[in-house]
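Since the structure comes first, as structure tokens, the remarks are kept for the end.
Every number here is computed from the coordinates shown, using simple stated rules; none is lab data. For clarity, every value in this text was computed on a predicted model and none was experimentally measured. Note: ideal-geometry Cβ built from the backbone for every residue, glycine included; neighbour counts use all protein chains shown.
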Amino acid sequence: MTVNPPERDMAAEHEKWKEKGVAMRAFFYIFGTHVFAGFIWLLFYLGQHAQK
């Protein structure tokens, strides 16, 4: 006996949703890391060019 098609469709849809969630999370982590690194770089740049 096979699995009912609606159950199989729900499982496939759930997996696609999980894949999208992982991709979105990875994008935001990478983007956020670059923003943070840019901020740190800006702090070093401004500190190097500050009047001492």
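Here are the numbers:
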quantity	calculated
Cα long-axis angle, helix 5-48 against the chain (0 to 90 degrees, to the nearest 10)	0 degrees
Answer label, with log10 I(q)/I(0) by the Debye sum over Cα atoms at q = 0.14, 0.22 Å⁻¹ calculated from the coordinates and candidates (i) -0.50, -0.98; (ii) -0.36, -0.79; (iii) -0.59, -0.82	(iii)
Stretch gain in nm, segment TRP41-ALA11, where the contour uses 0.36 nm per residue and the Cα spacing is subtracted	6.3 nm
Around VAL22: net Lys/Arg minus Asp/Glu count, Cβ-Cβ under 13 Å	+2
Structure-based [θ]222 nm, the chain - -39500 (n - 2.57) summed over DSSP H runs of at least 4, per residue, nearest 500	-31500 deg cm²/dmol
